Amino acid sequence: MKLFVGLDVSLVKTSICVISEYGKIIKEAEAESEPEVLARWLNELDGSIAAIGLEAGPLSQWLHRGLTAAGLDTVLMETRQVKGALKAMPIKTDRGDAEEIACLLHLGRFRPVHCKSVSAQETRAVLGARKTIQQNMIALEMSLRGLLRNFGIKVGAISRGRFEARIQELAEGNPMLETATAPMLRARATLRSELAALEKQVRQLAQNDPVCHRLMTMPGIGAVVALTFRAAVDDPTRFRSSKRVGLTPSRNQSGERDVSGGITKAGDVNLRRALRQAATVMMNRGRSTWLRTWGAQLAQRRGRKIAMVALARRIAVILHRIWIDNTTFQPGAAPNLA
């Protein structure tokens, strides 16, 4: 008898629901969220496991790798689709979620998600650490500005290198303000130092990676964007067409109404953000290329906002072709995109 297993993963425990090929619940249980424990439990089942499904999440890729290594057919299920199905349930419990995941698996009503390689996850961890440090440094700067603004003291436009001296100058002579700003400035200086060291490591990672090195031949593509693209795509051969990479256009069709346009939130949010940043740099600071000319002409016809999104999408397509074809960006001629 074929069995379909749904796993609802949490930090400590995983709820398990096993249903038969006829949709009948065979067994329900809880086990530790550890690949070895889950694999041992699943191997003791009577019957042939057709598939094991779990919602994509923080622990899911780690568990997926462990269960796959144990010889179990495991699939990651697209989060948005699973959550949509779970919303229809009047009562939400981990046990019920596991049952619903097993039913979706049995019916085939799910979209599989690519399980990223360890190297891609490691790259994302470095980029995530960089972003966290950068955001906290910016948050400290904004807090310092707001703190002084309460006393009518305006910091004004100032470069990052002169920011600390400017704050010290404005707080000088007021012991309470000096007491309030000094520890925040020390924390900012530490974060700035760590960010600079991490930026150097990120640039080195991109330079040492042959794929990133080729991606950076395109104007506007720096180390962060190249590494973000490489980690998000991970395996370029999993896309049937380069046009499926990056930003996903939306479509709303019903009866005689068929509206295409806009960009959905499907896919990697960090990749979408990186592609928009690359498009902004290319349009404003990049050297003249056929791609920048195309973006400028589109901006004149359709407006700058639409042109920036279209340019970001086209950048993703070209980066994928560069990766697949093992080539570099050619500024003088548009490639044949497939």
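Structure summary
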item	result
Among (1) farther than 17 Å from Ser242 by Cβ; (2) out of contact with any Ser or Thr (no Cβ under 8 Å at 6 or more places or on another chain); (3) in a helix (DSSP H, G or I); (4) open to solvent by less than 80 Å² (accessible area, probe 1.4 Å), the one test that Ala310 misses	(1)
Pair list, Cβ < 6 Å and 6+ apart or interchain, from segment 66-82 residues that are under 15 Å from Leu42 (Cα atoms) and touching a residue at least 12 places away in the same chain (Cβ under 8 Å) to residues that are among the hydroxyl-bearing types (Ser, Thr, Tyr) and open to solvent by 40 Å² or more (accessible area, probe 1.4 Å)	Thr74/Thr68
Residues satisfying the stated conditions in segment 1-14, i.e. out of contact with any Leu (no Cβ under 7 Å at 6 or more places or on another chain) and open to solvent by less than 40 Å² (accessible area, probe 1.4 Å)	Asp8
Pairs where the first residue, in segment 11-28, is without any contact (Cβ under 8 Å) to a residue 12 or more places away in the chain and aromatic (Phe, Trp, Tyr) and the second is surrounded by fewer than 21 Cβ atoms within 10 Å (Cβ to Cβ) and in a loop (DSSP other than H, G, I, E, B), C-beta under 7 Å, 6+ apart	none
Unmet requirement for Gly66, which otherwise passes all of (1) buried (at least 17 other Cβ atoms within 10 Å of the Cβ); (2) in contact with a strand residue (DSSP E or B) (Cβ under 7 Å, 6 or more places away or on another chain); (3) within 30 Å of Ala232 (Cβ to Cβ)	(2)
Matching option when the condition is more than 25 Å from Glu21 (Cβ to Cβ) and buried (at least 16 other Cβ atoms within 10 Å of the Cβ), among Lys87, Lys116, Lys83, Lys92	Lys116
Some residue of segment 129-137 being on the phi < 0 side of the Ramachandran plot, open to solvent by 70 Å² or more (accessible area, probe 1.4 Å), in a helix (DSSP H, G or I) and touching a residue at least 12 places away in the same chain (Cβ under 8 Å)	yes
Residue that is surrounded by the fewest Cβ atoms within 10 Å (Cβ to Cβ), among those in segment 15-38 that are outside any strand (DSSP E or B) and under 33 Å from the mean Cα position of the chain (by Cα)	Glu36
Pair list, Cβ under 8 Å, 6 or more apart: segment 296-311 residue within 21 Å of Arg273 (Cα to Cα), other residue open to solvent by 100 Å² or more (accessible area, probe 1.4 Å) and in a helix (DSSP H, G or I)	Met308/Arg276; Val309/Arg276; Ala310/Arg302
2 or more residues open to solvent by 70 Å² or more (accessible area, probe 1.4 Å): qualifying helices (runs of 4 or more DSSP H) within segment 204-298	210-215, 269-284
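Residue-by-condition table, conditions (1) at pLDDT 90 or above; (2) more than 21 Å from Ile306 (Cβ to Cβ):
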position	(1), (2)
Thr237	yes, yes
Arg240	no, yes
Lys243	no, no
Gly255	no, yes
Met282	yes, no
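The values are calculated or read from the model by the stated rules, or taken from the named source; none is laboratory data. All figures in this text were calculated on a predicted structure; none of them were measured in a lab. Neighbour counts run over all protein chains shown; Cβ positions are idealised from the backbone, glycine included. Heads up: the accessible areas ignore ligands, DNA and RNA and are worked out on the full protein's heavy atoms, side chains in. Shrake-Rupley method; radii C 1.70, N 1.55, O 1.52, S 1.80 Å.
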